[in-house]
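Remarks on the structure that follows.
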Amino acid sequence: MVKVVPNILSLFRVALVPVFIMAYFADKNDVKVLAVFVFALASFSDFLDGYIARKFQATSNLGRILDPLGDKLMMISVLVCITVDAIVPIWAVIVAGTKELLMAIGGYVVHRVSKGAVPQSNLLGKTSTVYFFLVCVSLMLFRAIPSGVATGLISSALVVMLVALASYVHTYIKYMKSR
């Protein structure tokens, strides 16, 4: 039974994406408390499904697809919502979307070449996710943040994400050379 819990949590996170979008745009106040709650719930479910999967060796091929799918859909949805609200510039969505597309292509290539074995995520990637979460929550809760500061915050989160991407590429190359 424990083996399916991480997948259920990942599916739950995917299901929270439209809930987040509706909560974000339904709240007419400047402070998006309900949307932040949904985003925090999704982020906690991400932590929990990873913890359970590692602790109980409950990983699966389906989980390897659902977990990052839920993460990426939520992250892009949050970014699109705050972009539509003119909090951050459109190029932020383009940069993040391109990074996620490159990660997906790279993950697929490594998966195919290594016949299913994929290296574990690393601390920099997890740090990037937490930092992105904190920046986006700040931008949703503190709407009086000046535009230049908001752009600087999202830019710094994107830089950390790109550094994490470079780290993953380095890890994948090293992993493939060791095989």
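The values are calculated or read from the model by the stated rules, or taken from the named source; none is laboratory data. Values in this document were obtained by computation on a predicted structure and should not be read as measured data. Note that each Cβ is placed from the backbone with ideal geometry, even for glycine, and that neighbours are counted across all protein chains shown.
Selection of first residues in the stretch 10-25 that are in contact (Cβ under 8 Å) with a residue 60 or more places away in the chain and closer than 14 Å to Ile65 by Cα and of second residues that are assigned to a helix (DSSP H, G or I) and aliphatic (A, V, I, L, M), restricted to Cβ pairs under 6 Å at least 6 apart or on distinct chains, gives the following pairs, ordered by first then second residue: Ser10/Leu66; Arg13/Ala42. For Val135, the test of being surrounded by 14 or more Cβ atoms within 10 Å (Cβ to Cβ) and either assigned to a helix (DSSP H, G or I) or modelled with pLDDT of 95 or more (or both) is passed. For the stretch 13-37, a tally of residues being crowded, with 16+ Cβ neighbours inside 10 Å and either of a type in the set (S, T, N, Q) or farther than 22 Å from Asp85 by Cβ (or both) returns 2.
Checked across the stretch 70-83, the condition of being out of contact with any Leu (no Cβ under 6 Å at 6 or more places or on another chain), more than 26 Å from Val5 (Cα to Cα), of a type in the set (Val, Ile, Thr) and not in a loop (DSSP other than H, G, I, E, B) holds for at least one residue.
Among the numbered conditions (1) touching a helix residue (DSSP H, G or I) at 6+ places or on another chain (Cβ under 6 Å); (2) closer than 23 Å to Leu134 by Cβ, the only one that Val5 does not meet is (2).
Residues in the stretch 61-94 that are among the aliphatic types (A, V, I, L, M), under 25 Å from Ala23 (Cβ atoms) and in contact with a Ser or Thr (Cβ under 9 Å, 6 or more places away or on another chain): 10 in all. Summed over the stretch 102-130, the residues that are assigned to a helix (DSSP H, G or I), surrounded by fewer than 18 Cβ atoms within 10 Å (Cβ to Cβ) and either of a type in the set (Lys, Arg) or modelled with pLDDT of 90 or more (or both) give a count of 4. Condition first: modelled with pLDDT under 95, crowded, with 18+ Cβ neighbours inside 10 Å and either on the phi > 0 side of the Ramachandran plot or not small (Gly, Ala, Ser) (or both). Can you find one or more residues in the stretch 142-154 that meet it? No; the residues of the stretch 142-154 include none that is modelled with pLDDT under 95, crowded, with 18+ Cβ neighbours inside 10 Å and either on the phi > 0 side of the Ramachandran plot or not small (Gly, Ala, Ser) (or both).
Is it true that Val163 is within 18 Å of Leu101 (Cβ to Cβ), loosely packed, with under 15 Cβ neighbours inside 10 Å and modelled with pLDDT of 90 or more? Spelling it out, Val163 is indeed within 18 Å of Leu101 (Cβ to Cβ), loosely packed, with under 15 Cβ neighbours inside 10 Å and modelled with pLDDT of 90 or more.
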